[in-house]
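Accompanying notes for the structure given below.
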Amino acid sequence: MTQQRGLLIILSGPSGVGKGTVRAAIFKDNKFNYVYSVSATTRQSRPGEVDGVDYYFVSKEQFKQYIEEDALLEYAEYVGNYYGTPIQKIEENLAAGNDVFLEIEVQGALKVRERMPEGIFIFLAPPSLDELKSRITGRGTDREDVILERMQMAKEEIEMMQHYDYVVVNDTVEHAVEKVNAIIQSEHLRVERVVDRIRADIKNYFQQEGER
């Protein structure tokens with residue numbers, strides 16, 4: 001039977017909404033065996049982040065080399081730093097039938113949509129802007145001017161949610177994880193994803209019957 005191509009899953013949303021926390025919770029037990037696509041960034045690592053696990057932390061010179069080599073599915077500049085998605089491993093895993101999970105910024109997600117519109121695009125939204133500001137402030141890693149810049153950017157990014165397939169409100173991490181997993185598993189059941197396999201099975205069955 002032909003190997004079914006994996007799904008490309010894009011989890012995105014404004015800075016501070018909890019993308020990393022939700023993604024980490026999904027991969028804690030990873031009962032659906034998703035493959036996580038690690039993004040590259042030029043920003044400094046935050047406490048607890050691990051190079052090669054959370055991001056590939058690279059210099060701006062290295063990142064520009066990736067761009068020149070066309071080695072990125074997408075890239076974007078956000079608050080003075082570059083973020084991008086290496087493409088080679090993604091293609092290898094999709095071809096092998098693995099679901100590949102991307103956690104990226106909104107700008108990057110929209111660029112992925114242009115190149116790979118077959119992806120499953122999930123927008124992670126905050127319960128409210130007040131809650132979003134509280135989460136950003138609670139990090140304790142950003143200056144007040146950066147926080148204001150992030151909030152303005154968040155407003156613009158939330159207005160882009162119509163370009164996504166699904167919206168999940170991150171009221172609690174547990175609820176968000178359940179909804180994201182449900183979306184992905186339901187996508188596997190779409191008729192267009194399974195009809196060719198079932199038709200091939202029917203054809204094979206009657207061929208075998210005719211040979212008996």
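Brief remarks on what is shown
- Residues whose amide H falls under 5 Å from that of Val167, counting only those 5 or more places apart or on a different chain, are Phe123, with hydrogens built in the peptide plane.
- Each Lys and Arg contributes +1 and each Asp and Glu -1, all at the Cβ; summed about the Cα centre of region 1-123, the dipole is approximately 360 debye.
- In this structure the amide hydrogen of Val35, modeled in the peptide plane, comes within under 5 Å of the amide hydrogens of Asp99, Val100, Phe101, none closer than 5 places in sequence on its chain.
- Per residue, the convex hull spanned by the Cα atoms of region 38-96 measures out at 80 cubic angstrom.
- Summing charges over neighbours of Glu61, with a neighbour being any other residue whose Cβ is under 14 Å away from its Cβ, gives 0 when K and R count +1 and D and E count -1.
- What the phi angles of region 109-122 give under the Karplus curve with 6.51, -1.76 and 1.60, with θ = phi - 60°, is a coupling list of 4, 5, 6, 4, 4, 5, 8, 9, x, 6, x, 9, 9, 10 Hz, glycine and proline written as x.
- Charging the Cβ of each Asp and Glu at -1 and of each Lys and Arg at +1, and nothing else, the dipole of region 38-96 about its Cα centre rounds to 240 debye.
- Residue separation of Ala96 and Glu118 scaled by 0.36 nm, minus their Cα-Cα distance, works out to 6.3 nm of gained length.
- Our coupling estimate for region 55-62, obtained by passing each phi through the Karplus curve with A = 6.51, B = -1.76, C = 1.60 and θ = phi - 60°, is 8, 8, 8, 10, 7, 5, 5, 5 Hz, Gly and Pro reported as x.
- Rg over Rh for region 125-206 works out to 1.26, using Cα positions for both radii and the Kirkwood form for Rh.
- Mean residue ellipticity (222 nm) of the chain, computed from DSSP H runs ≥ 4 via -39,500 (n - 2.57), nearest 500: -15000 deg cm²/dmol
- Take the Cα of Glu61, step 7 Å toward its Cβ, do the same at Val146, and the gap between the two points is 2.4 nm.
- Average accessible area per residue (Å²) across the chain - probe 1.4 Å, nucleic acids and ligands excluded: 55
- Using only side-chain charges placed at the Cβ, +1 for Lys and Arg and -1 for Asp and Glu, the dipole size of the chain relative to its Cα centre rounds to 340 debye.
- Summary of the geometry: region 27-61 and region 170-205, compared by the centres of their Cα atoms, lie 26 Å apart.
- Calculated SAXS-style log₁₀ I(q)/I(0) at q = 0.13, 0.15, 0.17, 0.19 Å⁻¹ - the chain, Debye, Cα scatterers: -0.76, -0.99, -1.26, -1.54
- Solvent-accessible area of the chain (1.4 angstrom probe, protein heavy atoms only): carbon and sulfur portion equals 50 percent.
- Asn33/Asp165 FRET efficiency (R0 35 Å; Cβ-Cβ; nearest 0.05): 0.95
The values are calculated or read from the model by the stated rules, or taken from the named source; none is laboratory data. Predicted, not measured: the structure shown is a model, and the values here were computed from it. So basically every Cβ, Gly included, is an ideal-geometry build from the backbone, and we count neighbours across all protein chains shown. Quick note on the areas: whole protein, heavy atoms, side chains included, nothing else; ligands and nucleic acids left out. Shrake-Rupley method; radii C 1.70, N 1.55, O 1.52, S 1.80 Å.
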